[in-house]
1. For the stretch 57-80, how many residues meet the condition of being touching a residue at least 24 places away in the same chain (Cβ under 8 Å), among the aliphatic types (A, V, I, L, M) and more than 28 Å from R115 (Cα to Cα)?
2. Looking at the structure I just gave you, is I32 of a type in the set (A, V, I, L, M), in contact with a strand residue (DSSP E or B) (Cβ under 8 Å, 6 or more places away or on another chain) and exposed (fewer than 12 other Cβ atoms within 10 Å of the Cβ)?
3. Looking at R39, R115, can you tell me which residue is surrounded by fewer than 10 Cβ atoms within 10 Å (Cβ to Cβ) and either at pLDDT 95 or above or not in a loop (DSSP other than H, G, I, E, B) (or both)?
4. How many residues does the stretch 64-77 hold that are in a loop (DSSP other than H, G, I, E, B) and loosely packed, with under 14 Cβ neighbours inside 10 Å?
Amino acid sequence: MNEIIREIEAAQLKEKVDEFHVGDTVKVYGKIKEGNRERVQVFEGTVLKIQGGSNRATFTVRKISNGVGVEKTWPMHSPNVEKVEVVRRGKVRRAKLNYLRDRVGKKAKVKELVR
């Protein structure tokens with residue numbers, strides 16, 4: 001039974017997954033269906049967490065829109081995620097940035113990683 005599930009999950013994986021880390025500011029190009037038309041909408045924000053493995057892996061992106069915090073969780077291997085573009089690298093020391101939810105304004109920023 002496990003091998004059957006593994007084969008199905010392996011078939012659903014993307015060949016090339018965009019590389020990004022927690023704390024990075026990213027642009028997620030997501031496909032949206034409206035009736036019979038399909039378009040790409042960009043969601044730009046900071047990656048709060050990456051979790052899961054295999055084809056169940058997800059990542060959460062947070063942005064501030066009109067003074068309100070908006071979080072969206074995207075499946076990593078979803079066909080609805082066209083691409084993930086890294087705008088800037090973030091310098092963080094933890095795996096999940098849940099503390100950013102309580103911060104407002106400049107305190108909610110993540111330092112940029114200079115390489």
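1. Counting residues in the stretch 57-80 that are touching a residue at least 24 places away in the same chain (Cβ under 8 Å), among the aliphatic types (A, V, I, L, M) and more than 28 Å from R115 (Cα to Cα) gives 1.
2. Yes: the conditions hold for I32.
3. R39
4. The total comes to 2.
For (1) over 17 Å from the mean Cα position of the chain (by Cα); (2) at pLDDT 95 or above, each residue gets a yes or a no:
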{"residue": "E3", "(1), (2)": "yes, no"}
{"residue": "K27", "(1), (2)": "no, yes"}
{"residue": "G52", "(1), (2)": "no, no"}
{"residue": "N55", "(1), (2)": "no, no"}
{"residue": "V68", "(1), (2)": "yes, no"}
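Every residue, every condition in (1) touching a Phe, Trp or Tyr at 6+ places or on another chain (Cβ under 6 Å); (2) surrounded by 13 or more Cβ atoms within 10 Å (Cβ to Cβ); (3) of a type in the set (S, T, Y); (4) on the phi < 0 side of the Ramachandran plot, yes or no:
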| position | (1), (2), (3), (4) |
| --- | --- |
| G53 | no, no, no, yes |
| R56 | no, no, no, yes |
| R62 | no, yes, no, yes |
| P79 | no, no, no, yes |
| K96 | no, yes, no, yes |
| Y99 | no, no, yes, yes |
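The values are calculated or read from the model by the stated rules, or taken from the named source; none is laboratory data. This is a predicted model, so every value here is computed, not measured. Neighbour counts are summed over all protein chains in view; Cβ atoms, including those assigned to glycine, are modelled from backbone coordinates with ideal geometry.
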